[in-house]
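Heads up, the thing below is written out as structure tokens.
The values are calculated or read from the model by the stated rules, or taken from the named source; none is laboratory data. From a predicted model like this one, the values you see are computed outputs, not experimental measurements. Glycine gets a Cβ as well: all are built from the backbone with ideal geometry, and neighbour counts include every protein chain shown. Note: areas computed on protein heavy atoms with side chains; ligands, DNA, RNA excluded. Shrake-Rupley method; radii C 1.70, N 1.55, O 1.52, S 1.80 Å.
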Amino acid sequence: MKNYYILKTFCKRIFLVGTGNFWYENAEIGDDSSIYYRTLSSILFFAYCFMTLLEIMAAFMGDFPEDERRDSITLSVSHSILLIKIFSIIYNKKIIKQHMYDIVRVCEMYEKESLLKERYRFLKMNVLAYCITVYSSAAFFVLEGLKKSYSGSHFVTIITYYPSYNNDSGLATFIRICNTVILYIMLLSMIIVDGFAISNLIILKHKFVTLRHYFEDLREDVEKICEMGNYKIAGERLTNGVIEGIVMHKELLRLSNVIDKVFGTAMAFQLCQSSGAAVSLMLLFALSENLTLFASLRIISFVAALFLLLGLFLCNAGEITYQASLLPDAIFYCGWHLCPARYKGQNLGKIISIACAQAQQPLVMKAFKMFQLTYVTFLQVIRGTYSVFALIYAQNQ
């Protein structure tokens with residue numbers, strides 16, 4: 001029941017931050033169709049969208065110093081992509097509800113407790129590391145803003161068109177503090193939604209591991225029964241086991257397509273955000289002459305959060321590809337050669353051949369149906385980001 005608990009917990013958190021009820025058991029979490037919930041959700045998303053709009057206006061029309069203008073561009077792009085990711089998840093809510101039921105049930109009977117504990121521990125480490133990195137960056141934004149206010153300037157974390165740079169009135173200070181609070185709530189929504197996507201990738205990866213273990217255990221069972229001379233029972237066990245395993249494999253392939261459809265937009269835009277925003281932040285770090293300690297730590301933690309999330313997406317998606325690639329051997333060595341031909345199903349050999357051929361087709365998730373979400377892509381993004389940064393930096397020297 002670990003998968004049930006993990007996914008239900010994420011759905012509860014998503015419901016609490018106003019994004020909706022994604023759990024397939026409607027009465028278990030809450031009613032997102034109530035007037036109270038819809039009103040609260042509408043207020044939150046209006047605040048998110050309005051703040052992001054003010055950031056975009058600041059980037060294109062605001063009169064700010066060069067460092068704050070760069071901050072406004074980076075944050076407006078990042079927050080726009082964040083909203084796109086959240087709205088893409090909400091758009092697919094009906095599909096996600098059915099997907100929650102399906103991904104919990106598939107292979108459930110054959111999941112081992114040790115593997116479930118390993119998965120739960122790995123997931124907690126991933127999400128916790130991401131949460132710490134994101135809020136560390138947000139904390140440095142606040143510390144930098146406080147330092148500015150104590151040094152004679154005004155408190156500011158994110159740059160919006162209003163209040164303007166020279167506006168130090170009480171209302172302007174209040175709006176800047178409100179923007180900071182909205183930012184923290186928005187980041188919480190981001191962490192939960194991204195964590196939800198990561199959890200689905202990790203669970204699907206371990207489902208493929210479970211299926212591989214299933215075929216390996218099937219071979220051991222057939223081998224033991226054959227050693228006792230019960231070839232008829234061995235043949236029935238083999239035939240039924242192979243058919244059940246192929247059905248589970250087909251379901252996992254379908255679920256991988258669903259995950260690609262539901263979370264593909266989020267992963268694709270994260271690929272763009274991590275590379276583009278990282279270049280901008282690294283240039284700000286390299287070209288600014290008077291960066292304070294908190295400002296430097298803010299940039300470093302921001303870049304770390306971007307690449308950590310991208311790594312969690314790409315590496316876990318790449319791990320699905322790797323685990324799926326191990327299935328053909330597991331299917332082929334399921335024990336069909338141990339049982340005499342007259343005790344096996346007539347078409348068992350043909351079924352196994354077709355299953356192996358299907359399993360040999362690479363299972364690769366793609367961003368925008370072009371960029372493969374794998375380990376190699378992650379390394380290419382890091383190298384490409386550094387190359388662009390080095391080129392622009394050299395031209396500015």
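Figures for the structure shown
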item: Sole exception among (1) out of contact with any Phe, Trp or Tyr (no Cβ under 7 Å at 6 or more places or on another chain); (2) farther than 24 Å from Ser78 by Cα; (3) free of Cβ contacts under 8 Å to residues at least 40 places away in the same chain for Val364, by number; result: (3)
item: Qualifying positions in region 75-116 - β-branched (Val, Ile, Thr), open to solvent by 10 Å² or more (accessible area, probe 1.4 Å) and under 30 Å from Leu284 (Cα atoms); result: Val77, Ile81, Ile84
item: Matching option when the condition is crowded, with 16+ Cβ neighbours inside 10 Å and among the hydrophobic types (A, V, I, L, M, F, W, C), among Met51, Met61; result: Met51
item: Region 165-194, residues that are under 30 Å from Leu312 (Cβ atoms) and open to solvent by less than 50 Å² (accessible area, probe 1.4 Å); result: Asn179, Thr180, Ile182, Leu183, Met186, Leu187, Ser189, Met190, Ile191, Ile192, Val193, Asp194
item: Residue in region 52-59 that is out of contact with any His (no Cβ under 7 Å at 6 or more places or on another chain) and acidic (Asp, Glu) present; result: no
item: Test: residue in region 300-307 that is at pLDDT 80 or above, surrounded by fewer than 16 Cβ atoms within 10 Å (Cβ to Cβ) and in a helix (DSSP H, G or I); result: no
item: Test result for Ala59, within 24 Å of Met186 (Cβ to Cβ), aliphatic (A, V, I, L, M) and modelled with pLDDT of 95 or more; result: no
item: Any hit, region 240-262, residues being open to solvent by less than 10 Å² (accessible area, probe 1.4 Å), within 26 Å of Val77 (Cβ to Cβ), touching a His at 6+ places or on another chain (Cβ under 7 Å) and touching a residue at least 12 places away in the same chain (Cβ under 8 Å); result: yes
item: Leu310 closer than 29 Å to Val222 by Cα, in contact with a helix residue (DSSP H, G or I) (Cβ under 6 Å, 6 or more places away or on another chain) and buried (at least 19 other Cβ atoms within 10 Å of the Cβ); result: no
item: Residue list for region 62-88, restricted to those being over 12 Å from Ile158 (Cβ atoms) and either of a type in the set (Lys, Arg) or at pLDDT 90 or above (or both); result: Arg69, Arg70, Ser80, Ile81, Leu82, Leu83, Ile84, Lys85, Ile86, Phe87, Ser88
item: Region 222-271, subset aromatic (Phe, Trp, Tyr) and at pLDDT below 90, residue farthest from Cys339 (Cα to Cα); result: Phe269
item: Total residues in region 131-164, condition in contact with a Leu (Cβ under 6 Å, 6 or more places away or on another chain), open to solvent by 40 Å² or more (accessible area, probe 1.4 Å) and either without any contact (Cβ under 8 Å) to a residue 24 or more places away in the chain or not in a helix (DSSP H, G or I) (or both); result: 1
item: Leu211 being under 19 Å from Val258 (Cα atoms) and touching a Cys at 6+ places or on another chain (Cβ under 7 Å); result: yes
item: Candidate set: region 284-293, residues that are among the aliphatic types (A, V, I, L, M) and surrounded by fewer than 17 Cβ atoms within 10 Å (Cβ to Cβ); chosen: the one nearest to Lys366 (Cα to Cα); result: Ala286
item: Every residue from region 199-219 that is touching a Gly at 6+ places or on another chain (Cβ under 8 Å) and open to solvent by less than 20 Å² (accessible area, probe 1.4 Å); result: Leu211, Tyr214, Phe215, Leu218
item: Counted residues, region 1-31 - those being touching a Phe, Trp or Tyr at 6+ places or on another chain (Cβ under 8 Å), assigned to a loop (DSSP other than H, G, I, E, B) and open to solvent by 30 Å² or more (accessible area, probe 1.4 Å); result: 2
item: Residues of region 145-190 classified as of a type outside the set (Ser, Thr, Tyr) and over 29 Å from the mean Cα position of the chain (by Cα), total; result: 19
item: Sole residue being modelled with pLDDT of 80 or more, in contact with a helix residue (DSSP H, G or I) (Cβ under 8 Å, 6 or more places away or on another chain), surrounded by fewer than 22 Cβ atoms within 10 Å (Cβ to Cβ) and assigned to a helix (DSSP H, G or I), chosen from Ser296, Ser274; result: Ser296
